[in-house]
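Computed from the coordinates by the stated procedures, all read-outs in this text should not be read as laboratory data. These numbers come from a predicted model, not from an experiment. Cβ coordinates were reconstructed from backbone atoms using ideal geometry, including for glycine residues, and neighbour counts include every protein chain displayed.
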Amino acid sequence: MHKVLFATSEAHPLAKTGGLGDVCGSLPPALRELGADMRLLLPAYPEAKRVAGSLRAVAQVPLTISDVPATLLEGVLPGSDVVLWLVDHAPAFAREGHPYLDASGEPWPDNAQRFAVFCDVALALARGRTHVAWRPDIVHCHDWQTGLVPALLAPHDDRPTTIFTIHNLAYQGLFPAETFTTLALPRALWSLHALEFYGQLSFIKGGLAFADRLTTVSPTYAREIQTPAFGSGLDGLLRERADRLTGILNGIDVAEWNPATDKHLAQRYSARSLARKKANKLALQQEMRLPGDPERPLIGMIGRLVEQKGFDLALGAWPDLAERQAQLVVLGGGESRFESAWRELQRRYPEQVAVHIGYNEALAHRIEAGADMFLMPSRFEPCGLNQMYSLRYGTPPIVRRVGGLADTVIDAAPETLADGTATGIVFDDATPAALALAVTRALTLYADKHNWRALALAGMRQDFSWRKSAQEYLALYERTTRQHL
Ligand code: ADP
Ligand code: GLC
């Protein structure tokens, strides 16, 4: 049985800013179910402590980077039997609010120090340098916040195997060169082959350059990041390490995202009672103050309002689409230029466009259920979870052919419609015109009730549960530890 230290800066329901939280909250229980001995390591943000409930201190961990030791708090990941370890370190984590951003939306000025503390604790646990008897044979790290762990472990002979999963290569944890010295990192790590990235300190390079194995969250993104267009300057390094890199498609939490049991919905439904979905549409139109109309097609969008998600393509396309009498419901928060552009569109089209700026988990469920179709025009998308949620909710997605979107949605072409494999609409160019064309294609198909229903049902039949992907992680753990020993 593998002993896995699973280190992450987010895990739903304790901390979540996006899909990383969803994945790191649902993959450990899936691995646990397959027999792995899991320890989920997460910073002790105040909200995480509150949600976790009962916790007890199990160790004091002296740090190299700070005179204040960290305390390891033990509990359980809610809704599972996965052991939870929270890294309690007041200077780093005892502050309310967003895990990475201050109240004005800027990164916390000491993010490098905060996540270096987190990595330092992971390192101590991985090397058995604490009073905790349990020692991992695998350390599974996620995204830049944990990037220093593989780098710091690499020189030690007695170390566990390291696996680094890339959820989003565009977030790299870049800091000014001076930060390197303040973190008391080994001098040898200041090199172009290690943590230096064009004169800056890069946390993510610690993972990419030093982990025994690299994974990312879809097969297509695994190929894309080896090209300059998607590599964010790291494609060369990833090509060099291509034999160590695999793409494992994310699963979803099929209990949390299940229209038949979803407690947030006005009306629950399943593939057998798809007609009941309509009640959710009417409830959503009412909630979002749009004219209630069961026949008018309603398009949903949810996501972080950042360049990646391509929501601006929809802003550009809307004047063309408006005459088709569709409605659009948008839920998102992020960059203020995008937030104000969406507010403006809502002002111009009050009968058709309804926007909720902010983060609202329950509304996200209601949009997945209430919309007729779900639009996700990402410029790049490592995996994407919302398109899988919408497939499961019988809300066919309209997506760009990139990353995990390309791996999870099958375009409605004459052949795929005929053989029943089509699950959504897929388009290529990242332009408002291509998006408008794709939505028009969806609206035409929507008007054909029979075909639309077949499309929705084909999506609902897909299996996106964690089982298969968790097995792939387990097989990777198996291969890697055998080779490492
Ligand atoms: P990413 O991780 O790039 O943000 P994903 O599609 O993998 O994209 O995951 C996004 C997750 O965050 C989904 O669970 C989605 O419902 C959720 N989400 C994003 N924005 C919001 C929001 N404004 N309100 C509620 N949930 C949101
Ligand atoms: C990232 C990606 C998203 C992916 C998620 C979980 O935030 O942007 O595509 O689904 O991580 O892996």
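Brief remarks on what is shown
- Kirkwood hydrodynamic radius of the chain, from inverse mean 1/r over distinct Cα pairs, in Å: 23.3
- When Rg and the Kirkwood Rh are both derived from Cα coordinates, the Rg/Rh ratio for segment 1-151 amounts to 0.93.
- Helix axis angle, 467-484 relative to the chain longest principal axis, alpha carbon, degrees: 30
- Computed over Cα pairs, the Kirkwood radius of segment 254-370 leads via Stokes-Einstein (0.692 mPa s, 37 °C) to a diffusion coefficient of 222 µm² per second.
- Radius 12 Å from Cβ of residue 351, net charge of other residues (Lys, Arg +1; Asp, Glu -1): +3
- Distant alpha-carbon pairs in segment 280-326 (separation over 16 angstrom), percent: 50
- Size of charge dipole - segment 271-460 - debye, nearest 20, with Cβ of Lys, Arg +1 and Asp, Glu -1, no other charges: 580
- Residues whose placed amide H lies under 5 Å from that of residue 246, excluding near-sequence neighbours: 214, 215, 216
- Whole-Hz couplings from phi, Karplus 6.51/-1.76/1.60, listed for segment 89-97; x for Gly and Pro: 8, 3, x, 8, 10, 7, 9, 6, x
- The charge dipole of the chain, taken about the Cα centre with unit charges on the Cβ atoms of Lys, Arg (+1) and Asp, Glu (-1), comes to about 860 debye, rounded to the nearest 20.
- Other-chain or far-sequence residues with amide H under 5 Å of residue 197's (modelled H): 202
- Around the Cα centre of segment 442-485, unit charges on the Cβ atoms of Lys, Arg, Asp and Glu (plus for the first two, minus for the last two) sum to a dipole of about 80 debye.
- Cα pair distances exceeding 28 angstrom across segment 271-460, given as percent: 15
- Charge tally for residue 390 (other residues, Cβ to Cβ under 11 Å; Lys, Arg +1; Asp, Glu -1): -1.
- Karplus (6.51, -1.76, 1.60) ³J(HN,Hα), θ = phi - 60°, over segment 128-138, in Hz, Gly and Pro reported as x: x, 9, 10, 7, 7, 6, 6, 10, x, 9, 9
- Pairs of Cα atoms nearer than 8 Å and 6+ residues apart set the relative contact order; for the chain it is 12 percent.
- Between helix 277-287 and the chain there is an angle of about 80 degrees, using the helix long axis and the longest principal axis of the Cα atoms.
- Positive-end extreme of charge dipole, the chain - chosen from 417, 219, 72 (charges on Cβ): 417
- Beta bridge orientation in the chain: antiparallel %, DSSP, nearest 5: 25
- Helix-only mean residue ellipticity at 222 nm for the chain, each DSSP H run of n ≥ 4 adding -39500 (n - 2.57), per residue, nearest 500: -11000 deg cm²/dmol
- Isotropic mean projected area of the C-alpha convex hull, segment 194-292 (nm²): 10.8
- Quarter the surface of the alpha carbon convex hull of segment 125-165 and you get the mean projected area, 2.9 square nanometres.
- Nearest-ten-degree value, helix 311-321 long axis tilted from longest Cα axis of the chain: 0
- Using θ = phi - 60° and Karplus 6.51 cos²θ - 1.76 cosθ + 1.60, couplings along segment 415-430 (whole Hz; Gly, Pro as x): 5, 6, 5, 5, 8, x, 8, 4, 10, x, 10, 10, 10, 9, 7, 8
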